[in-house]
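The values are calculated or read from the model by the stated rules, or taken from the named source; none is laboratory data. Note that the structure is a prediction, hence the values are computed from the model and not measured. Every residue, glycine as well, gets a Cβ built from its backbone with ideal geometry; the counts of neighbours run over all protein chains shown. All accessible areas refer to the heavy atoms of the entire protein, side chains included, with ligands and DNA or RNA removed. Shrake-Rupley method; radii C 1.70, N 1.55, O 1.52, S 1.80 Å.
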Amino acid sequence: QVQLVESGGGLVQAGGSLRLSCTASGNIFSINAMAWYRQAPGKQRELVATITSGSSTNYADSVKGRFTISRDNAKNTVYLQMNSLKPEDTAVYYCNAETRTYRTSPLRDYWGQGTQVTVSS
């Protein structure tokens, strides 16, 4: 089994910054892509940013230039640096990891429990 634990959420004023962290632990052979998603009240979960095992990144248009995703493969950890935050960034943020639990197992998605980010105007 694989567990993902997020941290770093909270309440911040518009224009402020937060840094989210997510660490994977458990029966891990390898982690492929990692990602951050978010879900605002009454809305569907949306992709925020992804990062491959080789550190190639991709961002939703709404966060380009403001958010930066990074990872530390030695620590099985992914980060999301969020700058110039806006009230519309308010959501529960979830991390995701494509993980193999042994060498020949298929990739499987694992999710964290989510961390609340609230941006006040």
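Some observations on this one:
- Restricting the stretch 46-64 to residues that are closer than 21 Å to Gly16 by Cβ and hydroxyl-bearing (Ser, Thr, Tyr), the residue that is farthest from the chain's Cα centre (by Cα): Ser62
- Residues that are more than 12 Å from the chain's Cα centre (by Cα) and either crowded, with 18+ Cβ neighbours inside 10 Å or among the aliphatic types (A, V, I, L, M) (or both) are absent from the stretch 108-115.
- Hits in the stretch 65-76 - residues which are within 14 Å of the chain's Cα centre (by Cα), open to solvent by less than 60 Å² (accessible area, probe 1.4 Å) and more than 11 Å from Ala35 (Cα to Cα): Phe67, Asp72, Asn76
Here's the yes/no breakdown for (1) of a type outside the set (Phe, Trp, Tyr); (2) modelled with pLDDT under 95; (3) touching a Leu at 6+ places or on another chain (Cβ under 9 Å):
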| position | (1), (2), (3) |
| --- | --- |
| Ala24 | yes, no, yes |
| Tyr79 | no, no, yes |
| Asn96 | yes, no, yes |
| Thr104 | yes, yes, no |
| Leu107 | yes, yes, no |
| Val117 | yes, no, yes |
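- Of the numbered criteria (1) within 14 Å of the chain's Cα centre (by Cα); (2) farther than 20 Å from Glu6 by Cα, the one Thr104 fails is (1).
- Residue count for the stretch 21-58 satisfying the condition of being open to solvent by less than 50 Å² (accessible area, probe 1.4 Å) and farther than 17 Å from Val92 by Cβ: 8.
- Pair list, Cβ under 6 Å, 6 or more apart: the stretch 51-72 residue farther than 21 Å from Ile31 by Cβ, other residue surrounded by 15 or more Cβ atoms within 10 Å (Cβ to Cβ): Ala60/Val48; Val63/Val48
- Filter pass, Met34 being touching a strand residue (DSSP E or B) at 6+ places or on another chain (Cβ under 9 Å), within 23 Å of Ser121 (Cβ to Cβ) and hydrophobic (A, V, I, L, M, F, W, C): no
- Selection from the stretch 79-119 of residues that are assigned to a loop (DSSP other than H, G, I, E, B) and under 16 Å from Leu11 (Cα atoms): Asn83, Ser84, Leu85, Lys86, Thr90, Gly114
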